[in-house]
6 protein chains.
Amino acid sequence: MPNLPHQLQALNAAVLSDTLDSLGLMQQAMKPFMRPLDDTLQLIGRARTGLYMPMYSLPEAGQNPYEVEIALVDDLAPGEVVVLACDGPTERIAPWGELLSTASAARGAAGCVTDGLVRDVRQIREMRFPVYCGGIGPLDTKGRARMVDRDVPVMCAGVTVRSGDLVFGDVDGVVVVPQEVEEEVVRRALDKISGENQSREALRRGEKLADVFGRLGIL
Amino acid sequence: MPNLPHQLQALNAAVLSDTLDSLGLMQQAMKPFMRPLDDTLQLIGRARTGLYMPMYSLPEAGQNPYEVEIALVDDLAPGEVVVLACDGPTERIAPWGELLSTASAARGAAGCVTDGLVRDVRQIREMRFPVYCGGIGPLDTKGRARMVDRDVPVMCAGVTVRSGDLVFGDVDGVVVVPQEVEEEVVRRALDKISGENQSREALRRGEKLADVFGRLGIL
Amino acid sequence: MPNLPHQLQALNAAVLSDTLDSLGLMQQAMKPFMRPLDDTLQLIGRARTGLYMPMYSLPEAGQNPYEVEIALVDDLAPGEVVVLACDGPTERIAPWGELLSTASAARGAAGCVTDGLVRDVRQIREMRFPVYCGGIGPLDTKGRARMVDRDVPVMCAGVTVRSGDLVFGDVDGVVVVPQEVEEEVVRRALDKISGENQSREALRRGEKLADVFGRLGIL
Amino acid sequence: MPNLPHQLQALNAAVLSDTLDSLGLMQQAMKPFMRPLDDTLQLIGRARTGLYMPMYSLPEAGQNPYEVEIALVDDLAPGEVVVLACDGPTERIAPWGELLSTASAARGAAGCVTDGLVRDVRQIREMRFPVYCGGIGPLDTKGRARMVDRDVPVMCAGVTVRSGDLVFGDVDGVVVVPQEVEEEVVRRALDKISGENQSREALRRGEKLADVFGRLGIL
Amino acid sequence: MPNLPHQLQALNAAVLSDTLDSLGLMQQAMKPFMRPLDDTLQLIGRARTGLYMPMYSLPEAGQNPYEVEIALVDDLAPGEVVVLACDGPTERIAPWGELLSTASAARGAAGCVTDGLVRDVRQIREMRFPVYCGGIGPLDTKGRARMVDRDVPVMCAGVTVRSGDLVFGDVDGVVVVPQEVEEEVVRRALDKISGENQSREALRRGEKLADVFGRLGIL
Amino acid sequence: MPNLPHQLQALNAAVLSDTLDSLGLMQQAMKPFMRPLDDTLQLIGRARTGLYMPMYSLPEAGQNPYEVEIALVDDLAPGEVVVLACDGPTERIAPWGELLSTASAARGAAGCVTDGLVRDVRQIREMRFPVYCGGIGPLDTKGRARMVDRDVPVMCAGVTVRSGDLVFGDVDGVVVVPQEVEEEVVRRALDKISGENQSREALRRGEKLADVFGRLGIL
């Protein structure tokens, strides 16, 4: 994947969250209502943000309600992750589905994260396109919401995301690494993983947790 | 399935919701807290409604707290879907389980939808009986709730359902098609599906979303 | 499993809940936000409780924020279930993960129940260690919460749990059997299961629910 | 007020709640979403319960949707408190208003408690009829809910209430004293009030809280 | 007040809601989280709608984040009610305050209704400008939200509002009368009020509720 | 009031919030569920924090469950504000009441802020002691919660508070000014207030909002 730190695939959301904590960045994990459509698919990429507003009427004649989101998807580069902020959790805004997944995948995009709903779940799972979302629902956005801005800072499931931030998702959730600290976070996280491996081995052998934690300082 | 429009199995919840939207019926998809017990099982059938009330004491001696629901289940015809309204989401009313599923399946019923909880999930999954519900819990209704009316209009997960309405469920959620518009909705939905197939093909080939949407008008 | 009634594995959460109801104990099933990480793994064991408090600052230098939970885990006996009360549901307290699961499994513990979040879900599933939780999230507890007391009565997902109580979990949820009534509950529950088997057979043969319920009194 | 312990007016909700706690009855205070329409009006009386169910359709022709509540109100004796359980908090069930207040006051009833909504608030305040409720709203119950049972045990704002229980309300909230313990609770509560008076005096003089609590054991 | 039906001040929210119900319009009362800042101030006027979106970043240099709301307020005519939809309830969007109230009052506007928060509550109360809102908070909208559209249909606290609809508020809540049915609703509501007066008199005299309801059919 | 910036009483929560916003501190206003017991009482002082944990059992014999809170109150200096964090909103933790208010007032404390509940509301209002809280309820903390730490950083209603921070409350809500920026915030806020006065005058005279905002840049 172009432009992304090596060895990211060896990481996981928990170790990234711990590492961000250690730098004083404690608001980088999205809230637990965010779940993957397929929890075997790791998500790694750079954010491209979109910001939605609620609507309660149909677009006027001649207006294309999907204009901004079409532009965002058509502009995706390989390795990018669409991050759609709908002020979720929501019961009525479903900004993502099969056709957008297909178009994004055709451009090499790495996945989608939204605090809104997602539809066409069966087809998206079959494509093995990584999507993390705030819920599932069959609703079109037309007459319910529209994307107003793109590539602006957004809040998604409790985390501020800027286009260009590193987005990482696995079964434990979604973590956002701000670009400024990316290099340091990745380096520290790889170190921590090797410490965890030692702890695990010792615990499997039946060592006391108190002894292992005393020696390695990792839990 | 008797008395149901042909080709329903080729449809999906998203296209039905879009079609209902196009007729101005925008409140026909149940809220996203409703999930299938088995998301590979499509649900298609006609509603038979039941309405529950909360209770906080045991029934009096000699009273059968299950009387109305037993009558409803014993009266099911093939292709019908039991729709049980419990004012969900709820933490304490679980109106459905294995024995009711068994009795319903024996009568050819198509499934169950409830905004309450469901229990005996393992056995219901093994039967491959389609159930869409507001959650899972082991609680009996006795002393917690009872069905008071049947075949009355109910609100289930945000949608008004009348006995006889078409109920459709898949992994994306549950959509209710009022009987008056059923024929038109099914016809339009089949048309839309063929348009979506064209969009998908074009997007897979890497066409710009803007071009495909401009040409086919489908997202 | 030492010290546990025979035949528990033949039971299920629903029948235990019904049996507790019949003794007037109607608050013994945890709320439905509690779900298993792996819904094929039955959980049976005796509770060992831990009580968490929220925190909003890092521990002071030299303080071990995990001290009480390490002591609890190191003290586990075979067949015990760690029950961690975090005043859940919560978006920020995740008291359980892979290393604690590994240490607990090494001591023969039967599983973990928490109304908080759990992380390292992939690894815990691979271990086939039964965990029932209030959600999933990658967050460390350090700076967010700490266990203050252990082996005190706690409220977990709406149920009072005391160390020594029988904890039973399956796909339908988690039920807690107070030690004082354990023997009677298990005996009655086994009886009820055999009645349910008769009902199921009759219903499969197509008997009217009204007749079966009239004869066997079981739904 | 007939049939009620003397000196109740000298009590308050907090001291009654503490006294019930001291007997191990810790679930007797209604949840804080319950507020008085007029927080200067103390409420003291014996419960007469009504239980509501949600509805989503108009009553059939010839049916009187208010039948059970009319019967309850017409049957009120002096000093009784109508307690209406609507499974609140609710946004749509408003079982109480001016005309029912007028009829109840004409019979000498002491007030009304409901976890539903109340309407005609201005007029009820002008009557100085004590009402404690889960919210305010202008909606009629017709087509939204109906009272199904009366004088059955109900759960109202988290507390089990039986007809005949003592209901006490003031600005701090609503407390329910089960009839069996009423005599003891009232006696103990009066004692506690005199202890609190001593504490208050000492604290006003500027004594250390530690000293006062050490001496009197009251906070 | 120009262009508004006579005798509106004799009405109240409850009777308007009942009358709308009788025409099958059962979704016209805003949810109960909406409360007046001053519950002695009746609100009567025609809606002018504004629709907000959430934001999470400051406006770009040179952009006026208040542009659309300034235009709406400067365009108000006497007797109009500003209706601001923020997808409330919300903890962070406070679209209304003292200066907007002052500017609106200077144009003869009748009040403001918002499902967002309001600030400068003391000053607004002193002005006796009727405001009904979803809560109180000191936050500026800059960097948190902005009005994107005006005079479009909005959903405010559960009710669809169109510019020109009649908005009525009193202590019982806010009711919206669609312009198409306004004349009929006002006429019927005035009739109902005179029936209620008869009921009240009879009940005060101590007549049975059953008799009064039987005779007048009003509750 | 010792040790507090002059002219604070001329400020208000809204202007302080705006000023903190202008320094990039956008999380300093507590959530709107926090309300004053008496909205005419301004609250100004320096925080002294206390952190509570939930409990579900009575303290052991000989244990004083109020120990830490007694120590905090006995240690209060004039002009200090007790800030009690209970992870609110809560239905069961009421850490404040009349006796603590009396003891605090006797030491010259400026008030209390808690995201928990408060009891003895009538008496506290009579004392005119400023209390801002997350709700009202009659419950004792004994057996429900206890203060575990004091003078540690806490999160109260969404805002991080440290002992020594400036706490300001009025009818619009509670704002916390971190000590490091206090001087600058107060100075800027006083400037802004004078600008608002000019806007108000111009708007009262009927000037267009667009003109006034264009000239003064204040809304």
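The numbers here are math on the coordinates, done by the rules we state, and not lab data. Predicted model, so just to flag it, every value in this text is computed and none were measured. Cβ: placed from backbone, ideal geometry, glycine included. Neighbour counts: every protein chain shown.
Compute the acute angle (0 to 90°) between the alpha-carbon long axis of helix C:13-22 and the principal axis of greatest extent of the alpha-carbon atoms of chain C; round to the nearest 10°.
For helix C:13-22, the angle is close to 70 degrees.
Got the C:Q7 label distances to the other copies yet, label 7 Å along Cα→Cβ, in nm, shortest first?
5.6, 5.8, 5.8, 7.6, 8.2
For chain A, calculate the relative contact order in percent as a whole number, restricting contacts to Cα pairs under 8 Å that are 6 or more residues apart.
30 percent
Bin width 5 Å, alpha-carbon pairs only: give the P(r) of the range C:102-175 as whole percents, running from 0 to the bin holding the largest distance.
Answer for the range C:102-175: a P(r) of 3, 12, 22, 28, 23, 12, 1 percent.
Mind listing the long-range amide H neighbours of B:L41? Cut-off is under 5 Å, sequence gap 5 or more, other chains count too, H placed in the peptide plane at 1.01 Å from N.
none
Mind listing which trypsin sites (Lys or Arg not before Pro) in the range B:50-142 are in a DSSP loop and have 11 or fewer other Cβ atoms within 10 Å?
Of the trypsin sites (Lys or Arg not before Pro), the ones in loops of the range B:50-142 whose Cβ has at most 11 other Cβ atoms within 10 Å are B:R128.
Given an 8 Å cut-off on Cα distances and at least 6 residues of separation, report the relative contact order of the range C:1-89 as a percent.
Relative contact order of the range C:1-89: 38 percent.
So what are the radius of gyration and Dmax for the Cα set of the range E:80-130, in Å?
Spelled out, the Cα radius of gyration and Dmax of the range E:80-130 are 10.5, 30 Å.
Check the axis relating chain F to chain B and name the residue of F whose C-beta is nearest, distance in whole Å.
In residue-and-Å form, the answer is F:E91, 7.
Assign unit charges at the C-beta atoms only (+1 for Lys and Arg, -1 for Asp and Glu), then state the dipole size of the range A:16-115 relative to its Cα centre in Debye, rounded to the nearest 20.
Computed about the Cα centre, the dipole is about 120 debye.
Report the charge-dipole magnitude of chain A in Debye, nearest 20, computed about the Cα centre from +1 at each Lys and Arg Cβ and -1 at each Asp and Glu Cβ.
460 debye
Using only C-alpha positions, report the orientation-averaged shadow area of the convex hull of the range B:1-69, nm², one decimal.
That works out to 7.9 nm².
In terms of modelled amide H atoms, which long-range or inter-chain residues lie less than 5 Å from the amide H of D:V83?
Counting only residues 5 or more places away or on other chains, the set is D:R48, D:T49, D:G50, D:V113.
Quick one: Cα centre-to-centre distance for the range B:36-100 and the range F:94-157, in angstrom?
With the range B:36-100 and the range F:94-157 each reduced to a Cα centre, they are spaced 46 Å.
Between F:D38 and D:D38, what FRET efficiency follows from the Cβ-Cβ distance if R0 is 22 Å, with the result rounded to 0.05?
After rounding to 0.05, the efficiency reads 0.85.
With a 10 Å cut-off between alpha carbons and a GNM built on chain C, which of C:G79, C:G206, C:G45 moves the most?
In the Gaussian network model the winner is C:G206.
Give the long-range amide H neighbours of E:G135: residues separated by 5 or more places, or on another chain, with amide H under 5 Å away, using H modelled in the peptide plane at 1.01 Å from N.
E:R35, E:V118
State, to one decimal in nm and shortest first, how far the label point of D:E184 sits from each corresponding label point in the other identical copies (label point: 7 angstrom along Cα-to-Cβ).
Listed shortest first, these distances are 2.2, 6.3, 6.3, 6.3, 6.9 nm.
Holding the Cα-Cα limit at 24 Å, pick out from D:K31/E:K208; A:K31/B:K31; E:K31/F:K31; A:K31/B:K208 the pairs that are longer than that.
In this structure, D:K31/E:K208; A:K31/B:K208 lie more than 24 Å apart at Cα.
Let's see if you can work this out: charge +1 on each Lys and Arg Cβ, -1 on each Asp and Glu Cβ, no other charges. What is the dipole magnitude of the protein assembly as shown about its Cα centre, in debye to the nearest 20?
Rounded to the nearest 20 debye, it is 0 debye.
Pick out which of D:M34, D:M155, D:M127 has the largest mean-square fluctuation in a Gaussian network model of chain D, springs linking Cα atoms closer than 10 Å.
Result: D:M127 has the largest fluctuation of those listed.
Among DSSP beta bridges whose residues both lie in the protein assembly as shown, state the antiparallel percentage, nearest 5.
Roughly 55 percent of the DSSP beta bridges within the protein assembly as shown come out antiparallel.
Find every distance from the label point of E:P78 to the corresponding label point in the other copies (7 Å from Cα along Cα→Cβ) and write them in nm, one decimal, shortest first.
List, nearest first: 5.5, 5.5, 7.0, 7.3, 9.0 nm.
Build a GNM of chain A with springs between Cα atoms under 10 Å: which of A:S22, A:S163, A:S57 gets the top mean-square fluctuation?
Largest GNM mean-square fluctuation: A:S57.
How many nm separate the modelled label positions at F:L216 and C:R128, each set 7 Å beyond the Cα in the direction of the Cβ?
Going from the F:L216 label point to the C:R128 one covers 7.4 nm.
Evaluate the relative contact order of the range B:145-219 (contact order divided by residue number), counting alpha-carbon pairs under 8 angstrom at least 6 apart; express in whole percent.
16 percent
Report the dimensions of the range E:30-69 along its three principal axes from the alpha-carbon atoms, largest first, rounded to Å.
43, 21, 17
Which value, in Å to one decimal place, does the Kirkwood hydrodynamic radius take for the protein assembly as shown when every pair of different Cα atoms is included?
About 32.7 Å for the protein assembly as shown.
Given 37 °C and 0.692 mPa s, compute D for the range A:74-219 with the Stokes-Einstein relation, Rh being the Kirkwood radius over Cα pairs; round to the nearest whole µm²/s.
Translational diffusion coefficient: 188 µm²/s.
Report ³J(HN,Hα) in whole Hz for each residue of the range D:106-113, in order, from the Karplus equation J = 6.51 cos²θ - 1.76 cosθ + 1.60 where θ = phi - 60°; Gly and Pro get x.
Those phi angles translate into 4, 8, x, 4, 8, x, 9, 10 Hz.
Run a plain Debye calculation on the range D:1-137 (Cα atoms as equal point scatterers, no solvent) and give log10 I(q)/I(0) at q = 0.09 Å⁻¹, rounded to two decimals, same order as the q list.
Taking Cα atoms of the range D:1-137 as identical point scatterers yields -0.28.
If you take every DSSP beta bridge whose two residues both sit in chain D, what share of them, in percent to the nearest 5, is antiparallel?
Taking every DSSP beta bridge with both residues in chain D, the antiparallel ones total about 55 percent.
Across the residues of B:69-76, average count of Cβ atoms on other protein chains within 10 Å?
For peptide B:69-76, the averaged partner shielding equals 4.
Using only the Cα atoms of the range E:104-146, what do you get for the radius of gyration and for Dmax, in Å?
Gyration radius and largest Cα-Cα distance of the range E:104-146: 11.0, 30 Å.
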